[in-house]
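Just so you know, all these numbers are worked out from the coordinates, no wet-lab data involved. Nothing here was measured: the structure is a model prediction, and the numbers come from that model. Using ideal geometry, Cβ is built from the backbone for each residue, glycine included, and neighbour counts are taken over all protein chains shown.
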Amino acid sequence: MRRAFIRIYRSYCMQLRPNLINNYSSEQRLSTSTSSMNMNLQECVNRLNKLASPSLAESWDNVGLLVEPTPPHTVSTLFMTNDLTEDVLEEAILRKSSMILSYHPPIFGALKRLTMASFKERIIVKAIENRIAVYSPHTAYDVVKDGLTDWLAAAPGSGDIEVFTATAKSREHCAAEDNHVDVRELDSSVAVKLKQDLASKCNIQTVQLYNQAATKQKPTSELLSMSFACQSASLASVVDVISQYNASKTTQITQLEKAAIPGAGMGRINTLHANRSTHDIINSTKKHLGVDFLSVAYGRGKNSESMVKKVAVCAGSGSSVLMSAPADLYITGEMSHHDILEINSQGISVILSNHSNSERAYLKILKKKLEMILEGKVDIIISKVDSDPLVTV
Ligand SMILES: [Zn+2]
């Protein structure tokens, strides 16, 4: 989620980690990309996009291929990380990576210059200098069915998992035309002329003409109706042309709604197969996320023994998605103090893991998926340096 995403970068302490190099054996440090395995960058990107189209991402997000070295560029080592910090980039360079998949996009707001002044700029410059492509899936992989949020929703235990906030089909997934126009009761000669005008003046090339039911005044053969689809941007000129034929009264325009994509959306609700105590859910969530600590804020009148039936989850910063979720317990990465108070006042408990801890362990699941879709032609590694900037001390 954007709010928290920005916060992470603002609060990130750019401390150098002198032990970075020591995370690797001398063999790993010296290893070069001698593997014969590789894949053309564009082919690799096409396959990553197929896992979850960038068009599924939230409108505020910045996903897909963000840094592209001059072609030809082949990918032999794909390096995965949740956040692309300077330390993580050093690690990627050390591992001879030709492409980085950074779950959070390292380019988010517009960059007006590429200097050494800020860490975001330095990262992009260094990636380009080292001919490393950068790809970010972020909310596209969050929302997609069987993506990160479905994985997170399994943390509290087995249950029926449903989408909480559905993702609507974007234009890539449905017809580009979003209006359906019906014009009825036209004389056949008028219908033919109108069809020609729609083609020449409005670029409406596909118009269906069909016989209108007969009336007492007109035999069937003299009446035609027409229907066609058109984009909202063309609607004004279409109405203008139709009105020139005095056909407005017999015209019906239907705006087509974007249909929800089954199984895709920003949050999930897990209705557990058997009620579990909050304490048990905390333990299974720690195990699922691979963390030793979580923060919990108990809902009014609730404690660790309180039984839970429904759990709502959202990766990252979940307030905006979860606020009205009908559940006994919310699980997300981070929330503001005041949002927690509001939710707790409704008797709903909240478990927080810190932002990226709600996401990072999914990289192992994603790695297996990528090995499948890249057919083992690319060596895939997960960062050892990448971690949440907040630690419990
Ligand atoms: Zn996030």
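Here are a few things to note about the model shown:
- Quotient of C-alpha Rg and 2.2 N^0.38 Å, computed over the stretch 280-393: 1.22
- Per-residue Cβ neighbour counts within 10 Å put Ile381, Ile343, Ile331 in the sequence Ile381, Ile343, Ile331, beginning with the fewest.
- Angstrom value of the Kirkwood radius, inverse mean 1/r, which spans all Cα pairs in the stretch 35-142: 14.0
- Chymotrypsin sites (Phe, Trp or Tyr not before Pro) within the stretch 226-293: DSSP coil, no more than 11 neighbouring Cβ in 10 Å: Phe293
- The fraction of Cα-Cα pairs per 5 angstrom bin, counted from 0 for the stretch 290-336, comes to 5, 18, 29, 28, 17, 3 percent, rounded to whole percents.
- For the residue pairs Lys120/Lys369; Lys50/Lys368; Lys50/Lys126, the C-alpha atoms sit more than 22 angstrom apart in Lys120/Lys369; Lys50/Lys126.
- Taken over the C-alpha atoms, the stretch 179-255 has Rg and Dmax values of 11.9, 38 angstrom.
- Here is the list for the stretch 74-174: trypsin sites (Lys or Arg not before Pro) lying in DSSP coil, each with at most 11 other C-beta atoms within 10 angstrom of its C-beta, are Lys112, Arg113.
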